[in-house]
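The values are calculated or read from the model by the stated rules, or taken from the named source; none is laboratory data. What you see is a predicted model, and the numbers here were worked out from it, not measured in a lab. Glycine also receives a Cβ, built like all others from the backbone with ideal geometry; neighbour counts cover every protein chain displayed. Calculation scope for accessible area: heavy atoms of the full protein, side chains included, ligands and nucleic acids excluded. Shrake-Rupley method; radii C 1.70, N 1.55, O 1.52, S 1.80 Å.
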Amino acid sequence: MTTPAPVRFTQTDLDAIAAAEGRVAVIVTPEGKLDPGGRRINRLTRGALARMIEGGALDGKEPGAVLSLAWPSGLAARALDVVVLPRNADAATCRRAGVALGRAKGTRPLTLLAGALRRPAEMALGAVLRAYEYTRHKTAETETPGEITVMLNDPDAAEAAFTPLREVAAGIFLTRDLVNAPANHLTTTAFVAEIEALSALGVKVTVLDEAEMERLGMGALLCVGQGSDSPSHLAVMEWQGGGDEAPLALVGKGVVFDTGGISIKPAAGMEDMTMDMGGAGVVTGVMRALAGRKARANVVGLVGLVENMPSGSAVRPGDVVTSMKGDTIEVINTDAEGRLVLADVLWYAQKTYQPRAVIDLATLTGAAIIALGHENAAALSNDDALCDAVLGAARTEGEGLWRLPLGKGYAKALKSRIADVKNVGGRPAGTITAAEFLHRFIEESTPWVHLDIAGMASVKAESVHAPEGASGWGVLTLDRLVRSRFEES
Ligand code: BES
Ligand code: MN
Ligand code: ZN
């Protein structure tokens, strides 16, 4: 797995600055005020920093912006990064500045002169998250990430604030690695192995095989994988960090590759469907984060791991399958497979754990991208309070999320002539009819939020905290939600 850059908080060592390798970063206020670290840099560079400011380089710069000076004389570093930051900058601005530093940093070491900065841990987190690179399949690049050294007045307080964030970053990196992984490497079996590795952190892992799922009557989940040579699995991760209260259940769609099945997808862009396990990737990353920081909450993660392939044994359009709940489903389109997987995992989650709440994540519909692009995931819910909490957590963490409605009128589109329900509702409101399909498998009394992350799990351009490719969207939001709503203080 890709390891996040190590972060070390130390007292300011003015003598070490001139010799620091990689990049050195200083903070200046938008008015151009220097702190002691900045004054030291200015002296070492024979006034270059002051000239930069007096020359108007800061004019019109947003708080959190970073300006760079290459190969500065007087420093061993290859670049000096100047962070424009007001004294009272909030967490989001500090995170944004960190992201800009992380983008410039890459795999090189970074020394940040943070002085009296109020939220150094947030800035370090931004830098760590943005400095991710997926090099697993590049034969030439085996670089270990350069360390981030943060020099500041109160290193102990910064380290205490960063300790849990280090675990959240590790969870996000795990999610990104899983989402970036090609489907010949991340098979259902390989995914199970990644999940089993979490038991080293105290997560209780249980894996159901096809025979067990057959016995439980999971005909919806099983039909999706029946054309593949890889076995289908339902993997469960239990983190018991709280008391004896019912857990929060996180459910993820884990289609390791989605060809569409017999309703096969067009060739162009089909390679992107390696990310169709994005929901399961987020659930796994969140469990990694919660266990790593020993969250004082009970959370169970459940992921349905399948591969959707066309073959002589594949499910056909028109087939009728029976779900664990007992509802029969007419499979009109074998490419609407995610909802079939989730139907059984959602039902199993409720029957087995009687959870306080259920949140599912899935790269479920292309329609979510048509509606919201790559700026927001879609949230659909039967519970305003829980949904508001999820939306609030996303806003705090800077992850785009927008609510769409549910409604009986939409559910009508799923009426089948020969079965209880069909698995597609036509082109209009595709994200909503997909959510209404899932809604059938949610008990009236279960507060539930469905997150359609089709546009967010992996993106072609850089995103808020990540370079292009897998974003890890959702780990920050769910970790925040657990902290604010499910954790004992
Ligand atoms: N995995 C896809 C949805 C998807 C599309 C995710 C693009 C990420 C990017 C899903 O299984 C799917 O194929 N959905 C169909 C549903 C349709 C057949 C009702 C879709 O969105 O076209
Ligand atoms: Mn599909
Ligand atoms: Zn899919």
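At a glance:
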read-out	value
Cα-projected label distance for ARG103 with ASN333, points at 7 Å along beta-carbon direction, nm	3.6 nm
Fully extended contour minus Cα-Cα distance, from ALA193 to VAL320, at 0.36 nm per residue	42.5 nm
Assigned charges on the beta-carbon of Lys, Arg, Asp, Glu; region 7-156 dipole about Cα centre (debye)	220 debye
Sequence ranges 220-230, 260-270, ranked by mean other-Cβ count within 10 angstrom, highest first	220-230, 260-270
Distance between modelled label sites at SER445 and GLU487, nm, 7 Å Cα→Cβ extension	3.0 nm
In order through region 27-34: 3J(HN,Hα) via Karplus (6.51 cos²θ - 1.76 cosθ + 1.60), integer Hz, x for Gly, Pro	10, 10, 6, x, 7, x, 7, 9
Listed residues ASP335, ASP177 arranged by accessible area, highest first, probe 1.4 Å	ASP335, ASP177
Lys, Arg +1 and Asp, Glu -1 on Cβ, resulting dipole of region 405-474 about Cα centre, debye, nearest 20	500 debye
For region 216-325, share of DSSP beta bridges that run antiparallel, in % to the nearest 5	45 percent
Helical contribution to [θ] at 222 nm, DSSP H n ≥ 4, -39,500 (n - 2.57), averaged over the chain, rounded to 500	-10500 deg cm²/dmol
Euclidean distance of C-alpha centroids, region 414-489 and region 118-162, integer Å	30 Å
Order of exposure, largest accessible area first, which applies to GLU21, GLU133 with probe 1.4 Å	GLU21, GLU133
In order through region 254-264: 3J(HN,Hα) via Karplus (6.51 cos²θ - 1.76 cosθ + 1.60), integer Hz, x for Gly, Pro	x, 8, 5, 8, 10, 6, x, x, 4, 7, 5
Solvent-accessible heavy-atom area per residue, rounded to whole Å², over the chain at 1.4 Å	40 Å²
Between region 379-412 and region 235-264, the alpha-carbon center distance in angstrom	19 Å
Share antiparallel - DSSP beta bridges, region 7-156, percent rounded to 5	25 percent
FRET efficiency, 1/(1 + (r/R0)^6) with R0 56 Å, evaluated for ARG395 and ASP229 via beta carbons	0.85
Accessible surface of HIS439 - all protein chains present, 1.4 Å probe, nearest 10 Å²	60 Å²
Other-chain or far-sequence residues with amide H under 5 Å of TRP448's (modelled H)	VAL358, ASN382, ASP383
Pair LYS33, ASP156: separation of 7 Å Cα→Cβ label points (nm)	2.8 nm
Accessible surface of GLU159 - all protein chains present, 1.4 Å probe, nearest 10 Å²	60 Å²
Accessible heavy-atom area order of TRP473, TRP71, highest first, probe of 1.4 Å	TRP71, TRP473
Normalised contact order of region 7-156, rounded percent, pairs of Cα under 8 Å and 6 or more residues apart	32 percent
Environment charge at ARG395 (Cβ cut-off 15 Å; Lys +1, Arg +1, Asp -1, Glu -1)	0
Size of electric dipole in region 171-486: Cβ of Lys, Arg +1 and of Asp, Glu -1, about Cα centre, debye, nearest 20	640 debye
Farthest toward positive dipole pole in the chain [+1 Lys/Arg, -1 Asp/Glu at C-beta], among ALA378, ALA280, GLY219	ALA378
The chain: DSSP helices with Cα axial extent of at least 27 Å and average Kyte-Doolittle hydropathy no lower than -1.0	155-180
Of MET309, ALA235, PRO405, farthest towards positive along the dipole that unit charges on Lys, Arg, Asp, Glu beta carbons give the chain	PRO405
Fraction of antiparallel bridges per DSSP, region 171-486 only, in percent to nearest 5	45 percent
Value of relative contact order over the chain, rounded to a whole percent, pairs C-alpha under 8 Å and six or more apart	15 percent
FRET E, pair ARG215, LEU14, Förster distance 56 Å, beta-carbon r, rounded to 0.05	0.25
